[in-house]
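Comments concern the structure below.
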Amino acid sequence: MRRLSIAALLLSACAGGRPVTDFPVKIGAPYRVRGTTYVPAADPAYDMLGYASWYGSESGNRTANGEKFNPKWLTAAHPTLPLPSYVEVTALDTGQRIVVRVNDRGPFAERRRIIDLSRGAADALGLRRGGPAAVRVRVVTPAERDRARLRKGKAPRDLRPEDPRILANLRAQLAAGTR
């Protein structure tokens with residue numbers, strides 16, 4: 001019994017008082033920010049093109065699902081996906097892909113931005129050098145091993161860059177605004 005108590009204490013210390021877990025999944029009620037209403041919903045087919053920004057100066061603040069924000073971890077903020085969710089983010093300029101854990105709400109700066117990445121996620125994709133970057137974001141269900149790594153702040157397995165033909169198609173769709 002004592003070992004279990006110590007393990008629980010250590011886990012809670014990692015997340016700043018709350019263990020990082022995938023349960024319960026929170027969808028949440030509709031909410032309004034800067035005149036726009038957002039309606040959270042489960043969307044297993046979510047696959048969008050848009051722009052990503054990054055954030056990182058909020059270190060230590062609580063995310064929308066109550067976890068302590070760590071800018072080095074591969075996490076993200078999304079306005080409507082359940083918390084937590086896992087998404088694959090593809091940088092459309094390089095084809096580089098990563099999986100991140102969505103545990104916060106945002107972005108709210110402009111409609112073209114569909115996701116805010118933590119500093120660690122932006123670094124992993126090479127997106128910190130400029131302003132918003134063109135991305136594809138799609139919901140995925142990674143293996144438990146990868147989800148466990150992300151819950152501990154570690155990167156999951158590497159993904160191969162996107163096929164150049166698919167990348168060209170995605171860029172054309174974003175430019176045409178067809179998605």
Completion exercise
Calc'd 3J(HN,Hα), region 69-78, phi into Karplus 6.51 cos²θ - 1.76 cosθ + 1.60 (θ = phi - 60°), Hz, glycine/Pro = x, comes to 6, 10, x, 7, 6, 8, 10, 7, 10, 9
Fill in the blank from the handout: For the pair R128 and N61, the simple spin-label estimate (label points 7 Å beyond Cα toward Cβ) gives in nm 1.8
Fill in the blank from the handout: For region 38-119, the convex hull over Cα atoms projects on average to an area in nm² of 5.3
Exercise for the section: Express in % the proportion of alpha carbon pairs of region 28-176 at distances exceeding 19 Å. Expected result: 49
Practice task
Rank the residues T80, T94, T36 as a footprinting-exposure proxy: fewest other Cβ atoms within 10 Å of their Cβ go first.
Solution key: T36, T94, T80
Completion exercise
Counting only DSSP beta bridges fully inside region 28-176, the antiparallel percentage to nearest 5 is 75
Exercise for the section: May I ask you to order 145-151, 70-76, 28-34 by the average number of other C-beta atoms within 10 Å around their residues, highest value first? Expected result: 70-76, 145-151, 28-34
Completion exercise
Calc'd 3J(HN,Hα), region 21-36, phi into Karplus 6.51 cos²θ - 1.76 cosθ + 1.60 (θ = phi - 60°), Hz, glycine/Pro = x, comes to 9, 9, 9, x, 7, 10, 9, x, 7, x, 9, 10, 9, 6, x, 10
Problem - Cross-link partners of K26 among aspartates and glutamates (Cα-Cα below 18 Å; sequence separation of 8 or more within a chain) - result: D43, E67, D104
Exercise for the section: Filter the DSSP H helices in the chain by two things, a Kyte-Doolittle mean of at least 0.5 and an axial alpha-carbon span of 15 angstrom or more, and list the hits by number. Expected result: 2-14
Fill in the blank from the handout: Simple spin-label estimate for K26/E144, 7 Å along Cα→Cβ, in nm, reads 2.5
Handout entry: Spacing of the two label points (7 Å from each Cα toward its C-beta) at D43 and K154, in nm
Key = 3.3
Fill in the blank from the handout: Final fewest-first order of S57, S85, S118 on the 10 Å Cβ neighbour count is S57, S85, S118
Handout entry: Residues in region 99-120 reached by a label modelled at I166 [backbone nitrogen below 14 Å; 7 Å Cα→Cβ]
Key = 99
Fill in the blank from the handout: Taking every alpha carbon pair in region 90-129 and sorting the distances into 5 angstrom bins from 0 up to the bin holding the longest one, the percent per bin comes out as 5, 22, 30, 27, 14, 1
Completion exercise
Percent relative contact order for the chain, counting Cα pairs under 8 Å at least six residues apart, stands at 25
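Every number in this text was worked out from the coordinates using simple rules, so none of it is lab data. Keep in mind that this is a model prediction, so the values were computed, not measured. All Cβ positions, glycine included, derive from the backbone under ideal geometry; neighbour counts span all protein chains shown.
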